[in-house]
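Structure first, commentary second.
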Amino acid sequence: MSKQAPKIDLPGPALERKADLPLHQQVYEHIRQAIVDGRLQPRLRLPATRMLAADWGISRNIVLLAFEQLLLEGYLVARTGSGTFVADQPARLSAPPPRRVPVKPAEPTPRSAFRQAAEAYVLPRNTEREAIRPFQTSLPSLRDFPFSIWNRLAVQVYRGLHIQHLGYGDAAGHGPLREAIARHVGVNRAVRCTPEQVVIVQGTQQALFLTASLLLEPGDAYWMEDPGYPAAHASFQAVGAVACPVPVGSQGLDLDYALTRYPRARLVYVTPSHQYPMGGAMPYPVRKRLLDWAQQRNAWILEDDYDSELRFSGRPLPSLQGLDPAGRVIYVGTFSKTLFPALRMAYLILPDAEMARLFARGKVLLDRQGPVVEQLILTKFMEEGHFGRHIRRMQQLYETRQNGLLDMLKAIPTPHGPLGSNAGMNLLVRLPESLDDRAVSAELAKEGIIAPPLSNYTLEHRQPPALLLGYAAFTKEQMQTAVTRLGEVLRRMM
Ligand SMILES: Cc1ncc(COP(=O)(O)O)c(C=O)c1O
């Protein structure tokens with residue numbers, strides 16, 4: 001029969017239920033303190049947890065959790081069959097517990113450029129929480145993605161998964177996917193590259209951040225299309241670079257303005273094949289002059305070719321990269337528009353293999369490497385021809401949807417009619433001069449309509465008021481209802 005454990009001479013703790021410290025931590029601290037200051041002597045046998053809990057009027061679980069921690073930290077020792085004892089030299093054996101005093105986080109001083117850029121950036125919509133509604137911009141028709149094919153390939157990939165894919169792989173990306181991408185951009189975008197120049201990244205966003213971090217220093221000047229892509233601007237701001245806003249016309253960036261005002265820029269951010277968000281394309285002579293200047297100045301050109309594969313008519317414009325004789329262009333393509341954004345898959349094409357290795361090293365510092373399974377599935381998707389087929393289907397669908405929306409918009413009061421373009425997923429609709437596009441957008445939001453104001457994309461070159469409307473993800477019926485409301489709101493506000 002086991003000996004009855006002696007009662008200990010320690011009153012129960014005064015527990016505070018609303019304190020920052022959980023109850024078991026308070027019990028732990030109560031016993032620990034008694035051990036440290038000698039009220040509970042070394043080698044003293046403690047009562048069973050059930051008894052202690054009953055004596056102190058608390059739940060046994062709380063005592064168990066407290067004992068567990070005291071045992072772990074060496075204040076108590078358990079001897080099988082005999083019970084739990086205060087350790088021989090508890091104070092020397094154990095490190096003092098971490099202080100659990102809630103501290104107010106200190107303001108980092110000075111606030112880093114990265115933090116300022118992160119705080120200033122307006123977060124994009126979160127479609128996991130908010131419904132996808134007209135006219136959400138830049139969103140592909142997710143319902144038309146061939147998930148049955150993707151799922152079939154995913155099953156094949158998981159079944160055939162080799163252990164070689166499960167460790168730490170090449171930060172530049174899965175080799176066969178880099179080959180498939182090099183082939184694809186060669187044929188479809190006239191990009192000249194070998195697979196060694198390709199680095200797979202998590203979205204254009206990572207490409208922008210890597211480029212900014214590796215090629216810019218604080219204080220370096222960059223040309224930013226104005227209006228332009230706010231996420232690109234934010235990425236350059238994050239490394240402390242200085243924006244040189246360049247106005248945009250119907251043919252993209254105003255090169256003469258940029259050359260006159262900011263001839264010494266270190267980097268140029270451009271969407272030459274389909275300017276975002278105005279929709280123009282940079283003509284060949286301007287491309288040549290831009291490339292010449294970059295070569296003379298050793299400046300970098302970051303070509304963001306985000307949606308130009310979704311071209312409806314006319315010959316596809318070849319990329320700037322394909323015209324570049326001097327290796328000044330860094331090309332970025334993304335699967336966010338051709339497949340779906342949550343895939344987080346994009347690619348950089350660097351001027352040579354050495355630079356690609358540098359970018360891969362940079363990627364190692366960010367996230368070591370991209371997820372491999374998605375890359376394996378995507379490789380099959382491309383190699384079996386599904387990618388090309390899906391793009392062709394989406395080109396037709398988006399063209400039909402754009403034409404439909406243009407027709408519907410004829411019924412609403414706009415000064416010049418909407419500006420369609422022969423590619424992409426969005427169009428611009430100008431508003432009467434008297435209206436503030438931010439106010440109109442806010443009013444539409446109350447009616448459940450998403451229509452970002454053009455002002456959100458401008459830095460210093462103000463544009464006449466306009467709204468950006470996405471059409472790719474919406475049926476005719478969805479758009480018709482939204483257009484009717486848009487017309488009502490505009491009439492009310494005019
Ligand atoms: C100009 C531009 N570039 C790139 C992207 C794609 O970004 P990501 O590849 O990070 O999804 C978008 C998406 O809206 C865009 O508008």
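Note on the chain: with charges restricted to the Cβ of Lys and Arg (+1) and Asp and Glu (-1), its dipole about the Cα centre is near 1140 debye.
Please report the antiparallel percentage of the DSSP beta bridges confined to segment 266-388, to the nearest 5. Roughly 35 percent of the beta bridges in segment 266-388 run antiparallel, per DSSP.
Taking Cα centre as origin and charging only the Cβ of basic (Lys, Arg, +1) and acidic (Asp, Glu, -1) residues, the dipole magnitude of segment 145-385 rounds to 240 debye.
Backbone geometry of segment 481-488 corresponds, through the Karplus equation with coefficients 6.51, -1.76 and 1.60 at θ = phi - 60°, to 3J(HN,Hα) couplings of 4, 5, 5, 4, 5, 4, x, 4 Hz, x marking Gly and Pro.
Over segment 145-385, all Cα pairs binned in 10 Å intervals from 0 give whole-percent P(r) values of 8, 33, 36, 18, 6, 1, listed from short to long.
Note that segment 126-138 has calculated 3J(HN,Hα) couplings of 10, 6, 6, 10, 10, 5, 7, 9, x, 10, 3, 8, 6 Hz, one per residue in order, obtained from phi through the Karplus relation 6.51 cos²θ - 1.76 cosθ + 1.60 (θ = phi - 60°); glycine and proline are x. Which residue, MET355, ALA342, TYR331, has the largest displacement toward the positive end of the dipole of segment 325-365 when charges sit on each Cβ (Lys, Arg +1; Asp, Glu -1)? Farthest towards the positive end: ALA342. The long axis of helix 437-446 is offset from the longest Cα principal axis of the chain by roughly 60 degrees.
Principal axis extents of the Cα atoms in the chain, from largest to smallest and rounded to whole angstrom, are 95, 58, 50. Placing +1 on each Lys and Arg Cβ and -1 on each Asp and Glu Cβ, with no other charges, gives segment 405-486 a dipole about its Cα centre of roughly 100 debye.
Using the Cβ-Cβ distance between ARG462 and VAL373 with R0 = 51 Å, the FRET efficiency computed as 1/(1 + (r/R0)^6) comes to roughly 0.65. Treating segment 23-93 as a set of equal point scatterers at the Cα positions, no solvent, please give the Debye-formula log₁₀ I(q)/I(0) at q = 0.12, 0.24, 0.25, 0.27 Å⁻¹. The calculated log intensity ratios at q = 0.12, 0.24, 0.25, 0.27 Å⁻¹ are -0.27, -1.12, -1.21, -1.38. Antiparallel beta bridges, as assigned by DSSP with both residues in the chain, represent about 60 percent of the total such bridges. The residue list GLN69, LEU310, VAL185 was ranked by how far each Cα lies along the charge dipole of the chain toward its positive end, using unit charges on Cβ atoms, and GLN69 comes out on top. Taking the average, over residues, of other Cβ atoms within 10 Å as the packing measure, peptides 113-120, 281-288, 314-321, 135-142 rank 135-142, 314-321, 281-288, 113-120 from highest down.
If the segment from ARG79 to THR260 were pulled out straight at 0.36 nm per residue, it would be longer than the present Cα-Cα gap by 56.8 nm. Working note: Cα gyration tensor of segment 222-281, eigenvalues times five, square-rooted, sorted largest first, giving semi-axes of 18, 15, 7 Å.
Can you find, among PRO283, PRO13, LEU123, the residue sitting farthest towards the positive end of the charge dipole of the chain, where Lys and Arg contribute +1 and Asp and Glu -1 at Cβ? Result: PRO13.
Once you order the gyration tensor axes a ≥ b ≥ c over the Cα atoms, which shape class does segment 332-432 get: rounded for a/c under 1.5, otherwise prolate or oblate by comparing a/b with b/c? Here segment 332-432 falls in the prolate category.
Sequence-ordered 3J(HN,Hα) estimates for segment 367-375 from the Karplus curve with 6.51, -1.76 and 1.60 and θ = phi - 60° stand at 8, 6, 5, x, x, 7, 4, 4, 5 Hz, glycine and proline given as x.
Based on DSSP H segments of at least four residues, each scored -39500 (n - 2.57), the chain has a per-residue ellipticity at 222 nm of -12500 deg cm²/dmol. Overall shape of segment 341-494 was characterised from the C-alpha gyration tensor. The equivalent ellipsoid obtained from it has semi-axes of 38, 21, 14 Å, in decreasing order. Only lysine pairs 8 or more places apart or on separate chains count here, and in the chain those with Cα atoms under 29 Å apart total 11. Rounded to the nearest 10 degrees, the inclination of helix 203-215 to the longest alpha-carbon principal axis of the chain is 90 degrees.
Against the main long axis of the alpha-carbon atoms of the chain, helix 60-72 sits at an angle near 90°.
Since every read-out is calculated from the coordinates, none of them should be taken as a lab result. Note that the structure is a prediction, hence the values are computed from the model and not measured. Because the Cβ atoms are built from the backbone with ideal geometry, glycine has one as well, and the counts that use them run over all protein chains shown.
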